[in-house]
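Working notes for the structure below.
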Amino acid sequence: MLQRINLVPQTPVPQKIRKALPLSLAALLMLIVAFLYFDHLRLTTKIRQLDAEIAQIEARVQHSTSLATDLKQLADSVSQRKQRQGELQTQVTALSRQIEEKRRFSRVLAAISEEMPSSVKCDKIAFKENAGLINGSAVQYRELPELVSRLQANPIFKRVTLQDIDRNSQATEGRFLFTIAVEVK
């Protein structure tokens, strides 16, 4: 068998490895440094993006909080206005009832003044709900029953009674003090 013998001198493999090892380690180290540098750049960019997103989210949270506060204030304002509206509605109802009562008792007072003789003087007219009292004085006694009958004939009144006559208090002046009780329909 033939063997071939290489006569060209070559460096042995362990020496080749020793020569190539620093270069390969340097290249590997450069690759690692480059990888770490690019990874650092990527992470820094990602951190900046996340910081920007966090800032946006915090701004939204503050905006949402301010909106919630404004909403609560508006809700409180609405409830206060509804309460005030209810109070005003109650006042309007009371005033309209007073106006209606005024109209009603104005008709009653007009009816009393129409039926009152000229010699009868009315000092006070007071009403509470549907009942009232007429206090006054008359020159002649006979005018009082006549006044009561005329008032009784008026359809506004339910009942009219001559409640009290005081003949003695102003007898020197010739006037009779009276009180007439009336009930309005």
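Identify which of the listed values of semi-axes √(5λ) of the Cα gyration tensor in Å was calculated from the structure shown: (i) 124, 14, 10; (ii) 50, 21, 13; (iii) 55, 13, 11.
(i)
On a straight-distance basis, which lysines could pair with Lys102 in a cross-link, Cα separation under 29 angstrom, same-chain partners fewer than 8 positions away excluded?
Within reach: Lys121, Lys124, Lys128, Lys158, Lys185.
Take the alpha-carbon centre of region 139-153, take the same for region 1-37, and report the distance between them in whole Å.
Answer, in whole Å: 145.
Springs between alpha-carbon pairs under 10 angstrom, Gaussian network model over the chain: which of Ala55, Ala68, Ala20 fluctuates most?
Of Ala55, Ala68, Ala20, the most mobile in the Gaussian network model is Ala20.
Treating the angle as unsigned and between 0 and 90°, give the value, to the nearest 10°, between the Cα long axis of helix 143-153 and the longest Cα principal axis of the chain.
Tilt relative to the chain: about 50 degrees.
Within 10 Å, count the other beta carbons around each residue, average over each peptide in 72-78, 179-185, 8-14, and list them highest first.
Order by mean packing, descending: 179-185, 72-78, 8-14.
Per DSSP helix of 4 or more residues, -39500 (n - 2.57); summed, then divided by the residues of the chain. What does that give at 222 nm, rounded to the nearest 500?
Details: 2 runs with 114 residues, N = 185.
Value at 222 nm, helices only, nearest 500: -23000 deg cm²/dmol.
On a 0 to 90° scale, report how tilted helix 13-115 is relative to the longest principal axis of the chain, with both axes built from alpha carbons and the result rounded to the nearest 10.
Helix 13-115 sits at roughly 0 degrees to that axis.
Laboratory data are not the source of any read-out in this text; all were calculated from the coordinates shown. Note that the coordinates shown come from a computational prediction; the quantities given were computed from them, not determined experimentally. Cβ sites come from the backbone with ideal geometry, for glycine too, and all protein chains shown count toward neighbours.
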